[in-house]
Amino acid sequence: MKTYQITELARHFGLSRSTLLYYDRIGLLHPNARTDADYRIYTHEDFGRLERICFYRNAGLCLEDITDILDCNTDDCSILEKRLREIGQEITALKAQQQLIAGVLKTVAAGYEASGLDRKLWISLQKACGLDDSALKQWHTEFERRSPGGHHTFLLNLGLSEKEAIQVRMLTRNVEVNTLKMNYFYELFEELPRQGPGCRDATLRALKLLKNLPPRPEVLDIGCGNGLQTQILAQELKTSIIAIDNHRPILNNLNKASEKKGLAIKTFECSMFNMPFERERFDLLWSEGSIFIIGLDRGIKEFRNYLKPGGYLAFTEMCLFVKDPPSEVRTFFNNVYPDICYTDDICKKASDNGYQVLEYFNLPENAWWDDYYTPMLERIRMLRVKNAGIPEAEAVYSEAEFEAGIYRRYSKSYGYTFFVLQKELT
């Protein structure tokens, strides 16, 4: 009788090994035997059971219902009839959403100002068409995945400020609760040493790759945050640094720090979507942890316009490190950053847009903890006392803690990668 090891069985059904381990853990599919070395062995009967599991999963049944059917705890016909009714309801809801989206696209084509589409009308339209919070989040997620720039413009034309628009894209993608959550989001993050992973050693390592900078290069730090890396650039390059961000409080923090240290840093509150600088002005563009805001594809392409021939672009971007990350990691990024890439994909994007990839390297784990997650978690403990009983605040804290927990468990599967590119001369 043919038997299967776990990897072989998973591959046959297009599943991950972790999925079968999960099925074993919840009692849905146990291996029939184990080898002397304690490896799982699946039999022909196990193969048939998994075949039925996949069939019912493709039909949209939950694992609990599938367990009941396979273990004869309930009538499969009643469960399938229930699922058929649910599909009918979902089709009705999807048709309503389809009509809404088609109407929005027509509005976009006609021009926002003429249509009178604003935040209040958008919210009333979504409710009239049956879009609940979950459906709206999926709508925004898909818009963000397909066109980050278009999504950003759409949100701005609803009357959101740029900060609110980025908050929708980064945090909740829900227009109704965005304003309150944004306040608690900024309260948490603006006082942190960094607004994302990074460390001094990584910044210095990237700087050492820049071999042909002029004595006093023109440098722009895009999305600088509190500017720990900006200060390093000013100290090491002995030149004036222009630093931009769209949140004035963190620029004020950078101004105080640079004044105290006597550093030549000029800050501007402006958007990376519409930077007020002439073409080919800069020898170096720096963007630690911020290029994703404009979208990786758009950032690589448009930032190039501001570089002199032979100029450098240095940025960090979230990347997957393994080809088959755990299912929890996949689910997490499907919700928060569905466009996450592998390093090879990003190198190809760079080459296709007229850059030479000088080097890339992964940030060490301490870059996540020392100036980012550790002070963030400590600040959450403090703010929970101050903002006790406020649902919007608790939602921000829970999401941040969940993100830190994912990284703690799966830091070998993903992280930030530092890319150093040079604009080709021709």
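The values are calculated or read from the model by the stated rules, or taken from the named source; none is laboratory data. Bear in mind the structure is a predicted one, so any value in this text is a computation, not a measurement. Note that we place each Cβ from the backbone using ideal geometry, even for glycine, and neighbour counts take in every protein chain shown.
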Of the numbered conditions (1) in a loop (DSSP other than H, G, I, E, B); (2) among the small types (G, A, S); (3) modelled with pLDDT under 65, S134 satisfies every one except a single condition; which is it?
-> (1)
Is one or more of the residues making up the stretch 279-287 in contact with a Lys or Arg (Cβ under 6 Å, 6 or more places away or on another chain), surrounded by fewer than 16 Cβ atoms within 10 Å (Cβ to Cβ) and either assigned by TED's automatic domain parsing to the domain that holds L210 or not in a helix (DSSP H, G or I) (or both)?
-> yes
Has the stretch 385-392 got at least one residue that is modelled with pLDDT under 90, closer than 30 Å to N183 by Cα, acidic (D, E) and assigned to a helix (DSSP H, G or I)?
-> yes
Taking S258 as the residue in question, decide whether it is within 26 Å of A367 (Cα to Cα) and surrounded by 21 or more Cβ atoms within 10 Å (Cβ to Cβ).
-> no
Do you know which of the residues in the stretch 262-278 that are touching a strand residue (DSSP E or B) at 6+ places or on another chain (Cβ under 6 Å) and within 20 Å of R298 (Cα to Cα) is surrounded by the most Cβ atoms within 10 Å (Cβ to Cβ)?
-> M272
Test each condition in (1) in a helix (DSSP H, G or I); (2) of a type outside the set (K, R); (3) within 17 Å of the chain's Cα centre (by Cα) for F315 and report the one that comes out false.
-> (1)
Which residue pairs have Cβ atoms under 7 Å apart, sit 6 or more places apart or on different chains, and have a first residue in the stretch 46-71 that is assigned by TED's automatic domain parsing to the domain that holds L9 and a second that is of a type in the set (S, T, Y)?
-> F47/Y4; I66/Y56; D68/T74; I69/Y56
Which condition breaks for T239 when tested against (1) out of contact with any Pro (no Cβ under 9 Å at 6 or more places or on another chain); (2) among the polar types (S, T, N, Q); (3) at pLDDT 90 or above?
-> (1)
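Any residue in the stretch 366-373 that is small (G, A, S), in contact (Cβ under 8 Å) with a residue 60 or more places away in the chain and assigned to a helix (DSSP H, G or I)?
Here is the first cut: in the stretch 366-373, the ones small (G, A, S) are 367.
Of the ones still in play, those that are also in contact (Cβ under 8 Å) with a residue 60 or more places away in the chain are 367.
When the remaining residues are screened for being assigned to a helix (DSSP H, G or I), the result is 367.
Yes, the stretch 366-373 contains at least one residue that is small (G, A, S), in contact (Cβ under 8 Å) with a residue 60 or more places away in the chain and assigned to a helix (DSSP H, G or I).
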Give me a count of the residues in the stretch 227-246 that are part of a loop (DSSP other than H, G, I, E, B) and within 26 Å of the chain's Cα centre (by Cα).
-> 2
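Condition first: modelled with pLDDT of 95 or more and in contact with a helix residue (DSSP H, G or I) (Cβ under 9 Å, 6 or more places away or on another chain). Now tell me which residues in the stretch 281-293 satisfy that. Quick ask: steps written out before the conclusion?
Just the residues of the stretch 281-293 that are modelled with pLDDT of 95 or more, to begin with: 281-288.
Once the filter is applied, which keeps residues that are modelled with pLDDT of 95 or more and in contact with a helix residue (DSSP H, G or I) (Cβ under 9 Å, 6 or more places away or on another chain), the stretch 281-293 yields R281, F282, L284, L285, W286, S287, E288.
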Within the stretch 255-278, how many residues turn out to be in a loop (DSSP other than H, G, I, E, B) and over 25 Å from L204 (Cα atoms)?
-> 8
Picking from L20, L9, L94, the residue that is under 30 Å from P325 (Cβ atoms), modelled with pLDDT under 70 and in a helix (DSSP H, G or I) would be L94
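Given the criteria in contact (Cβ under 8 Å) with a residue 24 or more places away in the chain and among the acidic types (D, E), does E392 qualify? Outline the logic, then answer.
On the way: in contact (Cβ under 8 Å) with a residue 24 or more places away in the chain: yes; among the acidic types (D, E): yes.
It is true that E392 is in contact (Cβ under 8 Å) with a residue 24 or more places away in the chain and among the acidic types (D, E).
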Of the numbered conditions (1) on the phi < 0 side of the Ramachandran plot; (2) out of contact with any Lys or Arg (no Cβ under 6 Å at 6 or more places or on another chain), I300 fails exactly one; give the number of that condition.
-> (2)
Output the residues belonging to the stretch 191-226 that are part of a loop (DSSP other than H, G, I, E, B) and either more than 21 Å from the chain's Cα centre (by Cα) or of a type in the set (V, I, T) (or both).
-> E191, K208, L209, L210, K211, N212, L213, P214, P215, R216, P217, E218
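Out of the stretch 233-254, which residues are of a type outside the set (D, E, K, R) and more than 23 Å from L204 (Cβ to Cβ)?
Narrowing the stretch 233-254 to residues of a type outside the set (D, E, K, R): 233-235, 237, 239-244, 246-247, 249-254.
Hits for the stretch 233-254 are N246, H247, P249, L251, N252.
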Looking only at the stretch 23-71, and only at residues there that are in contact with a Ser or Thr (Cβ under 7 Å, 6 or more places away or on another chain) and among the hydroxyl-bearing types (S, T, Y), the one that is surrounded by the fewest Cβ atoms within 10 Å (Cβ to Cβ) | T43
Residue list for the stretch 401-426, restricted to those being in contact with a strand residue (DSSP E or B) (Cβ under 6 Å, 6 or more places away or on another chain) and either at pLDDT 95 or above or surrounded by 14 or more Cβ atoms within 10 Å (Cβ to Cβ) (or both) = Y414, G415, Y416, T417, F418, F419, V420, L421, Q422, K423
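Looking at this structure, is P276 under 25 Å from the mean Cα position of the chain (by Cα) and modelled with pLDDT under 95? Steps first, please.
On the way: under 25 Å from the mean Cα position of the chain (by Cα): no; modelled with pLDDT under 95: yes.
Against the criterion (under 25 Å from the mean Cα position of the chain (by Cα) and modelled with pLDDT under 95), P276 does not qualify.
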Has the stretch 37-59 got any residue that is assigned to a loop (DSSP other than H, G, I, E, B) and closer than 23 Å to I79 by Cα?
-> yes
